[in-house]
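Reviewing the structure listed below.
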Amino acid sequence: MTSFAELTSPQVADLLAGPRTPVLLLPVGAVEPHGPHAPLGTDELISAGMCARAAERLATDPGLRVLVLPALNYGVTHMSAGFSGAVSIGADTLRCLVLDVCRSLKDSGLHRIVVVNNHFEPAHVTALRSAVAEAEVAHLDLLRRANVARLTAEFRSGSCHAGQYETSLVLADRPELVDRDVMRELPAVHVDMPALMSASGGRADFAGLGMDRAYCGSPASASAAEGESTFDTLTDLLVELIREVGRG
Ligand SMILES: [Zn+2]
């Protein structure tokens, strides 16, 4: 069993007394438009998918007990305002929520926590970085250069919202959630999101960036095979960090 919320209270107490060091994973996502073809919950699906794989890979590890916390599925998504289905919370709400959850776990003796996020709106990422620094927990920050370098060409290009990279990951886990007829007809849209967002001082939104259908990149090129391969890499990155956190 790798789901924290499926344990009983005495089972959690046993974790603390057991021989295996508990490491808890906190998946973070958003409810955000992902083009006309991919689900609103794409980012959470990716975070939860890589956490489940990492927990599975370490299921028989003699020194570690990896458990996945209930996901935080709301994020800061101001950039997608105006598109149906966008549900945003404030940056400070997110920061406080992550901080409170981590502090509460730490107060009960569960100190080793890894935050796993796949929603990259700058205000969201800034709030998370601030929360994990304050809570003194680990963060698999996929925007760090060393991590970016191990991901796909589209991810490295920065033109990757609901494009080939993310759509492939959804196809790997929940293909029925992708409207593949629509996906195949979508032209590639190149938007250098990081450059344009910093040029606008963080005030950019999808429409202003030229993403008039709430995606950029090349969704038509997505495949389940690429998604499986990317999930493998994401899981490698997460397992490496879990091992580091486990060593303390
Ligand atoms: Zn996304």
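The values are calculated or read from the model by the stated rules, or taken from the named source; none is laboratory data. This structure is a prediction, so every number in the text was calculated from the model and none was measured. Note that each Cβ is placed from the backbone with ideal geometry, even for glycine, and that neighbours are counted across all protein chains shown. With ligands, DNA and RNA removed, areas are computed over all heavy atoms of the protein, side chains included. Shrake-Rupley method; radii C 1.70, N 1.55, O 1.52, S 1.80 Å.
Report whether or not M1 is within 16 Å of the ligand (Cβ to nearest atom) and modelled with pLDDT under 95. So M1 does not fit the description; no. For the stretch 129-172, which residues satisfy the criterion of being of a type in the set (D, E) and either within 14 Å of the ligand (Cβ to nearest atom) or over 16 Å from the mean Cα position of the chain (by Cα) (or both)? Listed by number, the residues that qualify are E134, E136, E154, E166. For L16, indicate whether it is modelled with pLDDT under 95 and not in a loop (DSSP other than H, G, I, E, B). Yes; evaluated as a whole, the condition is true for this residue.
Filtering V76, V87, V125, V132 for residues that are at pLDDT 95 or above and within 18 Å of A48 (Cβ to Cβ) leaves a single hit, V87.
The criterion of at least 2 residues that are at pLDDT 95 or above is met, among helices (runs of 4 or more DSSP H) falling completely within the stretch 157-248, by 164-173, 180-185, 224-247.
Is one or more of the residues making up the stretch 91-102 open to solvent by 50 Å² or more (accessible area, probe 1.4 Å) and of a type in the set (G, A, S)? Checked against the condition, which is being open to solvent by 50 Å² or more (accessible area, probe 1.4 Å) and of a type in the set (G, A, S), the stretch 91-102 yields no hits at all. Is it fair to say R20 is basic (K, R), surrounded by 14 or more Cβ atoms within 10 Å (Cβ to Cβ) and either in contact (Cβ under 8 Å) with a residue 60 or more places away in the chain or closer than 30 Å to M211 by Cα (or both)? The answer is no for R20. Considering the stretch 224-236, and only residues there that are of a type outside the set (S, T, Y) and surrounded by fewer than 19 Cβ atoms within 10 Å (Cβ to Cβ), the residue that is nearest to A146 (Cα to Cα) turns out to be D236. When P70 is tested against (1) touching a helix residue (DSSP H, G or I) at 6+ places or on another chain (Cβ under 8 Å); (2) within 16 Å of the ligand (Cβ to nearest atom); (3) in a loop (DSSP other than H, G, I, E, B), just one condition goes unmet, and that condition is (2). Which ones in the stretch 30-46 are part of a loop (DSSP other than H, G, I, E, B), within 12 Å of F83 (Cβ to Cβ) and touching a His at 6+ places or on another chain (Cβ under 9 Å)? Once the filter is applied, which keeps residues that are part of a loop (DSSP other than H, G, I, E, B), within 12 Å of F83 (Cβ to Cβ) and touching a His at 6+ places or on another chain (Cβ under 9 Å), the stretch 30-46 yields E32, G35, L40.
For first residues located in the stretch 99-127 and in contact (Cβ under 8 Å) with a residue 24 or more places away in the chain and away from the ligand (no atom under 16 Å from the Cβ), partners that are open to solvent by 50 Å² or more (accessible area, probe 1.4 Å) and outside any loop (DSSP other than H, G, I, E, B) and lie 6+ apart or on another chain with Cβ distances below 6 Å form the pairs L99/E134; G109/L16; A127/R95. Annotation: K106 fulfils all but one of (1) buried (at least 23 other Cβ atoms within 10 Å of the Cβ); (2) in a helix (DSSP H, G or I); the unmet one is (1). Which residues, taken from the stretch 75-98, are within 15 Å of the ligand (Cβ to nearest atom), in a loop (DSSP other than H, G, I, E, B) and farther than 27 Å from T235 by Cβ? Within the stretch 75-98, F83, G85, A86 meet the criteria.
Restricting the first member to the stretch 24-49 and to residues that are over 23 Å from T2 (Cβ atoms) and away from the ligand (no atom under 12 Å from the Cβ), and the second to residues that are part of a loop (DSSP other than H, G, I, E, B) and acidic (D, E), the beta-carbon pairs closer than 7 Å and six or more apart or on different chains are H37/D179.
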